[in-house]
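Right, one structure below, let's go through it.
The values are calculated or read from the model by the stated rules, or taken from the named source; none is laboratory data. Computed from a predicted structure; not experimentally measured. Every residue, glycine among them, receives a Cβ derived from its backbone with ideal geometry; neighbour counts consider all protein chains shown. For the accessible areas, the whole protein counts, side chains as well, though only heavy atoms, and no ligand, DNA or RNA atoms are used. Shrake-Rupley method; radii C 1.70, N 1.55, O 1.52, S 1.80 Å.
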Amino acid sequence: PPDVEALGRGTWTLLHSIAASYPDSPSTSQQSDLLRFVKLFSKLYPCWVCAEDFRTYIGREVPRVGSRDDFGKWLCGAHNDVNRKLGKPEFDCSRWQERWRTGWKD
Ligand code: FAD
């Protein structure tokens with residue numbers, strides 16, 4: 001089976017990078033593509049317990065795909081849900097673009 005930690009780090013990088021490159025004002029078809037991607041991802045992610053919990057999260061917190069910042073913050077919340085479960089520190093979601101898009105200023 002894949003290494004759940006390495007897989008997770010690589011996957012979060014991919015998902016947050018998708019959020020960072022998502023438009024501010026996505027078209028209807030871009031919104032439906034992203035929603036389908038998230039739902040299919042939640043069925044195919046090759047850590048089955050992780051995928052099951054992620055599907056539960058999606059059922060509780062419907063993915064917000066209306067803009068880059070909406071999706072980035074939704075994804076940050078999903079990642080924080082996993083962080084809480086694993087006892088990792090929560091990330092300040094107001095800063096997701098600094099981490100994944102614009103770079104930290106200082
Ligand atoms: P990661 O959590 O991989 O984070 C990578 C980097 O992202 C961090 O260094 C930080 O800079 C940044 N970051 C942290 N939190 C946020 C946030 N909220 N928003 C934006 N950026 C952030 N592992 C399990 O053991 N059990 C599970 O059930 C499980 N479920 C998972 C579900 C999904 C959908 C994914 C993608 C991964 C899952 N994992 C799970 C893996 C787990 O989340 C971590 O990826 C893994 O433990 C490695 O953690 P890490 O400390 O290296 O940092």
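Screening the stretch 38-65 for residues that are within 14 Å of the chain's Cα centre (by Cα) and acidic (Asp, Glu) and picking the one that is farthest from Ile18 (Cα to Cα) gives Asp53.
Residues of the stretch 12-51 that are more than 8 Å from the ligand (Cβ to nearest atom) and of a type in the set (S, T, N, Q): Ser17, Ser21, Ser25, Ser27, Thr28, Ser29, Gln30, Gln31, Ser32. Checking each residue of the stretch 93-103 against the condition of being of a type outside the set (Val, Ile, Thr), surrounded by fewer than 17 Cβ atoms within 10 Å (Cβ to Cβ) and outside any helix (DSSP H, G or I) gives at least one match. Selection of the stretch 66-91 for residues being more than 11 Å from the chain's Cα centre (by Cα) and hydrophobic (A, V, I, L, M, F, W, C) yields Leu86, Phe91.
Only one entry in Arg99, Arg95 is near the ligand (Cβ under 10 Å from one of its atoms), closer than 16 Å to Leu14 by Cβ and of a type in the set (D, E, K, R), namely Arg99. Mind listing whichever residues of the stretch 54-75 are over 22 Å from Lys43 (Cβ atoms) and out of contact with any Lys or Arg (no Cβ under 9 Å at 6 or more places or on another chain)? Listed by number, the residues that qualify are Gly66, Ser67, Asp69. Scanning the stretch 67-83 for residues that are open to solvent by less than 40 Å² (accessible area, probe 1.4 Å) and more than 11 Å from the ligand (Cβ to nearest atom), which turns out farthest from Asp3 (Cα to Cα)? Looking at the filtered set, the residue picked out is Ser67. For the stretch 42-53, the candidate set comprises residues that are in contact (Cβ under 8 Å) with a residue 12 or more places away in the chain and in a helix (DSSP H, G or I); within that set, the residue that is most open to solvent (accessible area, probe 1.4 Å) is Lys43.
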